[in-house]
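> Quick one: the structure is below, and I'll ask about it shortly.
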Amino acid sequence: MFLEKLNTIISTKKTLLCVGLDPDIEQIPPFLLSKLDPLLYFNQKIVEATGPYAAAYKLNLAFYEALGIAGWDLLEKTLALLPEDAVVIADAKRADVPNTSRKYAEAYFKTYGFDAVTVSPYMGLDALEPFLEHEDRGIFVLCLTSNPGSADFQQLPVNEDPLYLKVAERVMEWNFIYGNCGLVVGGTHFNEIERIRSVAPSLPFLIPGVGAQGGNLEWAVRYGTDERGLGALINASRSILYASQDRDFDRAAAEKARALRDQINQVLQAAGK
């Protein structure tokens, strides 16, 4: 059901764009500091500006947790601003012993109502089952992340294949049972995206790293999507959020989002998808 919702939104709005809604008080336009609630105002204007171009919003919870109680209040109020025609992802990278994972899943899916959450596969299936059991919600399993440190473990050889491919294969097996799995695949890895898609043809990909981190957008779109040009979200955060430090920051964000959506669609068209 989660994948159906995702692909319906992508098809209807004709966009793969995911906006990372990660507000930082040190990076927002300085004039906003005079507002009563500057981060909420910032989020509101960004959502209003990018709504027509976004298939999803990804909220990295670190930017909210760092603010303590005020951050949880900001998170709740921000969720209330998000449009219904967008998938909402908690970028939490959680997983723990089943009893703890059950509470994480309850927090994100029931208390806050996220459509999906990012999780770590390191502790295995029993740590992820409490998330997977929410059949109408999605989980994006860390497969090959966009940071340079991904080479430390994710690319280590396991029976002649890199570990990230083993993760993709195993998540495919879990998806056969539960039907709501996806993968996080960094857009900074060019050839690897194609390899992962080859072993996980039906899984949705959440692809960060094509904005400020300098990933290859064409490769991410061409090989990150499935054969129909669906099943992928191309995330951009800082490049959209902080497109301008002036009073036109929301219009600048809208222009960045629109331009990125159009670039993505041009790649899809060129690829015949």
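No value in this document is a laboratory result; all are computed from the given coordinates. Because the structure is a prediction, the values reported are computed rather than measured. Because the Cβ atoms are built from the backbone with ideal geometry, glycine has one as well, and the counts that use them run over all protein chains shown.
> With each label point set 7 Å from Cα along the Cα-Cβ vector, what nm distance links residue 44 and residue 227?
Each label point lies 7 Å from its Cα, and together they span 4.8 nm.
> Further, regarding this structure: Under the classification rounded if a/c is under 1.5, otherwise prolate if a/b is larger than b/c and oblate if not, where does region 1-106 fall, given a ≥ b ≥ c as square roots of the Cα gyration tensor eigenvalues? Walk me through the intermediate numbers first.
Numbers: a/c = 2.45, a/b = 1.11, b/c = 2.20.
Judged from the Cα gyration tensor, region 1-106 comes out oblate (a/c at least 1.5, b/c at or above a/b).
> Where does the chain land at 222 nm, in deg cm²/dmol rounded to the nearest 500, when only DSSP H runs of n ≥ 4 count, each adding -39500 (n - 2.57), divided by all residues?
Details: 11 runs with 116 residues, N = 273.
Only helices count here, giving -12500 deg cm²/dmol.
> State the percent of C-alpha pairs, over all pairs in region 204-273, separated by a distance greater than 13 angstrom. Don't skip to the answer; put the middle values down first.
Numbers: 1546 of 2415 pairs.
Beyond 13 Å sits 64 percent of the P(r) for region 204-273.
> If you keep only loop residues by DSSP, which GluC sites (Glu not before Pro) in region 38-115 have at most 11 other Cβ atoms within 10 Å of their Cβ? Mind dumping the intermediate values first?
Values: sites: 48, 65, 76, 84, 106; in loops: 84.
Taking region 38-115 and a limit of 11 other Cβ atoms within 10 Å, the loop GluC sites (Glu not before Pro) found are 84.
> Let me ask another. Over region 2-270, what portion of Cα pair distances is larger than 31 Å, expressed as a whole percent? Mind dumping the intermediate values first?
Numbers: 7872 of 36046 pairs.
The calculated P(r) of region 2-270 puts 22 percent of pairs beyond 31 Å.
> Any idea how far apart residue 135 and residue 72 come out in nm if each label point goes 7 Å out from Cα toward Cβ?
3.2 nm
> Follow-up question, since we're still on this one. Between 36, 260, 144, which gets the highest mean-square fluctuation from a Gaussian network model of the chain, Cα cutoff 10 Å?
The residue with the greatest mean-square fluctuation here is 36.
> Quick check: pseudo-label points 7 Å beyond the Cα along Cα→Cβ at residue 244 and residue 273, how many nm apart are they?
About 3.2 nm, to one decimal.
> Once you've got the GNM for the chain with C-alpha springs shorter than 10 Å, pick whichever of 246, 152, 126 has the biggest mean-square fluctuation.
152
> Which is farthest toward the positive dipole end of the chain among 154, 105, 140, measuring Cα position about the Cα centre, with Cβ charges +1 (Lys, Arg) and -1 (Asp, Glu)?
140
> Oh, and also: Based on the Cβ-Cβ distance of residue 81 and residue 12, what FRET efficiency does E = 1/(1 + (r/R0)^6) give at R0 = 35 Å, to the nearest 0.05? Don't jump to the answer; show the numbers that get you there.
Details: r = 20 Å, r/R0 = 0.58.
Step by step, r from the Cβ atoms, then E = 0.95.
> Do any trypsin sites (Lys or Arg not before Pro) in region 159-266 lie in a loop, going by DSSP, with at most 14 other beta-carbon atoms within 10 Å of their beta carbon, and if so which?
Numbers: sites: 166, 170, 195, 197, 222, 228, 238, 247, 251, 256, 258, 261; in loops: 228, 247.
Listed in order of number, the matching sites are 228, 247.
> Who wins for biggest fluctuation among 11, 34, 150 in a Gaussian network model of the chain, springs between alpha carbons below 10 Å?
Of the options given, 34 has the highest mean-square fluctuation.
> Tally the DSSP beta bridges in region 2-270 and give the antiparallel ones as a percent, rounded to 5.
5 percent
> Follow-up question, since we're still on this one. Given the pairs 77/110; 14/256; 13/166, which span a C-alpha to C-alpha distance of over 27 angstrom in this model?
On the way: 77/110 16 Å; 14/256 16 Å; 13/166 34 Å.
From 77/110; 14/256; 13/166, over 27 Å: 13/166.
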